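Below is one structure, written out as structure tokens, with a few remarks after it.
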Amino acid sequence: MKPLNKDLDKKKNIIEKYNSTSSFYDNRYSKIQKEKYKILFRNCNLNYKTILDAGCGTGLLIEYVFNINIDNIKKKVKYVGIDISWKMLMNFCDKSKKIKDSEDINLILGDIENLPLRQESFNVIFSITSLQNLPVIKKGLGEFIRVGQKDSLLKLSILRKQLKVDDLIAYLKTNTLNLKTEFLENIEDVIIQGSLNKKNIIEENI
Ligand SMILES: C[S@@+](CC[C@H](N)C(=O)[O-])C[C@H]1O[C@@H](n2cnc3c(N)ncnc32)[C@H](O)[C@@H]1O
């Protein structure tokens, strides 16, 4: 087991990194992040869904949801964004003021590995280019499984560099249905989509 201090130091560095780059994050990454959203939103109906955006950053995803003009993506959603960097969240706050229906948007300063959220609260969980920052990615995935409802959609994009993809897929396979993994040439992430198989999890715990 890794010492706790090492994990804490890693998290402190991540917070500092994103706090100090938040002001130019959108300019630098908005285009590539939107390419990922396009893939994650294929055949995705968000109508009346409660969405968790884990590692929400400056809110590029919610901006995309509210700007997008596709019939099957309706604007009636409840959205919770969580991020460990308060400066990224402050940028998100400024952005959300311009969004109509912003009363359905809630932001939390917190850690994906220890989500301050009740179990079975969400039916769509996004985490886009955030999980690679965690000391223990499976801990974050375990949290998604806990807070997701039965059949929740899981929509992940994770930076491939140094990632043990096979290991993650094996873990997710036992907890999801219809798992689909995509590696695209122009995108440095692996895109993983599926739905939670809570039945398995409940049976495993009996
Ligand atoms: C590359 S940015 C992606 C932001 C956003 N998902 C997007 O699509 O633009 C990674 C984000 O993950 C956040 N993050 C990193 N580790 C985290 C953790 N343990 N808990 C919550 N957020 C975390 C960072 O603060 C940063 O905002």
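Quick look at the values:
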| item | result |
| --- | --- |
| Qualifying positions in region 31-59 - open to solvent by 60 Å² or more (accessible area, probe 1.4 Å) and among the charged types (D, E, K, R) | 31, 34, 35, 38, 42 |
| Residue among 143, 120 that alone is open to solvent by 10 Å² or more (accessible area, probe 1.4 Å), modelled with pLDDT of 95 or more, of a type in the set (Asp, Glu) and assigned to a loop (DSSP other than H, G, I, E, B) | 120 |
| Any chance residue 97 is at pLDDT below 95, surrounded by 13 or more Cβ atoms within 10 Å (Cβ to Cβ), over 24 Å from residue 149 (Cα atoms) and more than 14 Å from the chain's Cα centre (by Cα) | no |
| Top-ranked residue in region 173-192 [being of a type in the set (Asp, Glu) and open to solvent by 10 Å² or more (accessible area, probe 1.4 Å); ranked as farthest from the ligand (Cβ to nearest atom)] | 185 |
| Selection count where residues are in contact (Cβ under 8 Å) with a residue 40 or more places away in the chain and in contact with a Gly (Cβ under 6 Å, 6 or more places away or on another chain), scope region 88-107 | 2 |
| Tally of residues being open to solvent by 30 Å² or more (accessible area, probe 1.4 Å), within 14 Å of residue 125 (Cα to Cα) and not in a strand (DSSP E or B) across region 146-172 | 1 |
| Residue among 142, 110, 81 that is within 14 Å of the ligand (Cβ to nearest atom) and free of Cβ contacts under 8 Å to residues at least 12 places away in the same chain | 142 |
| Residue match in region 84-103 (condition: within 21 Å of residue 152 (Cβ to Cβ), more than 10 Å from the ligand (Cβ to nearest atom) and either of a type outside the set (Lys, Arg) or touching a strand residue (DSSP E or B) at 6+ places or on another chain (Cβ under 9 Å) (or both)) | no |
| Test result for residue 47, without any contact (Cβ under 8 Å) to a residue 40 or more places away in the chain, more than 10 Å from the ligand (Cβ to nearest atom), out of contact with any Asp or Glu (no Cβ under 9 Å at 6 or more places or on another chain) and not in a loop (DSSP other than H, G, I, E, B) | no |
| Residue list for region 17-27, filter: near the ligand (Cβ under 10 Å from one of its atoms) and either surrounded by fewer than 10 Cβ atoms within 10 Å (Cβ to Cβ) or more than 18 Å from the chain's Cα centre (by Cα) (or both) | 17, 19, 21 |
| Among (1) open to solvent by 30 Å² or more (accessible area, probe 1.4 Å); (2) at pLDDT 95 or above; (3) polar (S, T, N, Q), the one test that residue 133 misses | (1) |
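The values are calculated or read from the model by the stated rules, or taken from the named source; none is laboratory data. Note that the structure is a prediction, hence the values are computed from the model and not measured. As a convention, Cβ positions derive from the backbone with ideal geometry for all residues, glycine included, and neighbour counts pool all protein chains shown. Ligands, DNA and RNA are excluded from the accessible area calculation, which covers all protein heavy atoms including side chains. Shrake-Rupley method; radii C 1.70, N 1.55, O 1.52, S 1.80 Å.
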